[in-house]
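Student: Questions regarding the structure given below will be posed in turn.
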Amino acid sequence: MNSGKAPVRSLHSLGVMSGLAAGAWLGMAEAPTKLVTVGFSPFVISLGMVVGVFVARWTLPAALKGTGYVFRDLREKSHLVVWAVIAGALWAVANTLTIFAIRDVGLSIAFPLWNVNSLVGLFWGWLFFRELHEAGPGQWAKVLGGAIAIVTGACLLAYATSQHGGGSSVRAAAGIGAALGAGLLWGTMYIPYRKAYISGMNPLSFVTVFTFGELATIVALSLAYEGGAAPVLQGIRNARSALFWLFLGGFCWVIGDIFQQYAAKYIGIGRGIPLSNTNQLWGLAWGALVFAELSGRGMASRALIITGSAIMIAGAVAISLAEAPASERSSWRKAMMRECDRYVLNVSRVEAALRGEDPVAESGGRRWWEAVIVAAAVGVFVWLALLAEVPPLEMNAPWAWLLGLATLVLLGVVASMLWRRTRFS
């Protein structure tokens, strides 16, 4: 019995750490969207970020596992390609909404509001993937208590935002709506995530296809709402000096999203997504410490913001600590068997993938073009860096460096854990 429990505990710890690392990187990725406050179009900002996302979602899988591995995995689970594209489209719309939310209510406020995606993901995980089925009253109490805390925290933050006297109440309401809409779309986006992982797909393969849905959707949105190709191209030219920061934000988002994918794979979306929503804490830190978003607010408003944030974090932690017992894992297996029967998948290979093994891996060297992909990504970074200028934003540089260093430390720690335990399976 002990030999059976150790891998489970190991994977749970790995999922928890992946969720924490996701929170740090997803939080840092949103900092460049502050450029919307100095006049850049939300669609141009979102497009710039998605281009960075597109490059990262091809470069990182090629560097970590190789293109041959990715294509073998996609061929084996070809039915999931369309689901990955749909997930990418949902992400692109949600990401655009977050930029409107940041413009209207600020980064430190918008972050907690769109993190209601944890409630949405929790519901879909229960409904479609048998998460929390047969979990027992103790686990249900943690999850439901956490869900109530998240809702309560979101309500406090929405109230604090509506009481801010520096802007229009209509604009604040629009910002709140945009943030909540983003949370709904991101919560729904996790359906394809979980569907992919209970089918044994590697997260790195999933994100490679995911990016086509992102890029196609944001291009369509930009063309539709900016009035065609000419205004979009002009907006990109106008934002040329800021494209490096947007590109970097997109790249950081992919790192966070990959960690989030591993959290969803190993502890489920009902637990993994709330844990990754500690990005709310990082978003608050970037907004308050680096961009001084809380300056000018009264003590009552600050107290509401801090209290609401703390309640939401406590709710997310409570959910994440509800480790799935053996009875619930048996229920997860029923959802896995449903997918295997529906798509004629090899059960033993899928189960091996869910244990952190790598049945898709084959011996053999890397392809020469993988080095070209990595070199091209580095080249794009260098080119955009040469064009970049310091953005016209009031920032606290020491805090920015400190927060950036903390995210890099988490990257090193959790990436090494994933490599040692699963070889990024």
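Student: Quick check on this structure: which one of 360, 344 is among the β-branched types (Val, Ile, Thr) and crowded, with 21+ Cβ neighbours inside 10 Å?
Tutor: 360
Student: Now for a different question. Considering (1) touching a helix residue (DSSP H, G or I) at 6+ places or on another chain (Cβ under 9 Å); (2) more than 24 Å from residue 335 (Cβ to Cβ); (3) among the aliphatic types (A, V, I, L, M), say which one residue 132 fails and leave the rest.
Tutor: Failing condition for residue 132: (2).
Student: Quick test for you: out of 32, 7, pick the one residue that is out of contact with any strand residue (DSSP E or B) (no Cβ under 7 Å at 6 or more places or on another chain), closer than 20 Å to residue 352 by Cα and either aliphatic (A, V, I, L, M) or at pLDDT below 90 (or both).
Tutor: 7
Student: Turning to a different aspect of this structure: In the stretch 319-333, what residues are part of a helix (DSSP H, G or I) and either modelled with pLDDT of 85 or more or not small (Gly, Ala, Ser) (or both)?
Tutor: Scanning the stretch 319-333 gives 319, 326, 327, 328, 329, 330, 331, 332, 333.
Student: Is it the case, given these coordinates, that residue 91 is within 28 Å of residue 422 (Cβ to Cβ), in a helix (DSSP H, G or I), hydrophobic (A, V, I, L, M, F, W, C) and at pLDDT 85 or above?
Tutor: Values: within 28 Å of residue 422 (Cβ to Cβ): yes; in a helix (DSSP H, G or I): yes; hydrophobic (A, V, I, L, M, F, W, C): yes; at pLDDT 85 or above: yes.
Yes; evaluated as a whole, the condition is true for this residue.
Student: In the list 60, 113, which residue meets the criterion of being at pLDDT below 80 and part of a helix (DSSP H, G or I)?
Tutor: 113
Student: Another one. What are the residues in the stretch 373-403 that are within 18 Å of residue 51 (Cβ to Cβ), β-branched (Val, Ile, Thr) and part of a loop (DSSP other than H, G, I, E, B), if any?
Tutor: Within the stretch 373-403, none qualify.
Student: I'm trying to understand the selection: among the residues of the stretch 200-239, which are surrounded by 24 or more Cβ atoms within 10 Å (Cβ to Cβ) and not in a helix (DSSP H, G or I)?
Tutor: 200, 201, 202
Student: From (1) over 30 Å from residue 62 (Cβ atoms); (2) at pLDDT 80 or above, pick out the condition that doesn't hold for residue 336.
Tutor: (1)
Student: Kindly evaluate residue 63 against the criterion of being closer than 25 Å to residue 219 by Cα and in contact (Cβ under 8 Å) with a residue 40 or more places away in the chain.
Tutor: no
The values are calculated or read from the model by the stated rules, or taken from the named source; none is laboratory data. Small disclaimer: the values here were computed from a predicted structure and weren't measured. Virtual Cβ from ideal backbone geometry, glycine too; neighbours counted across all protein chains shown.
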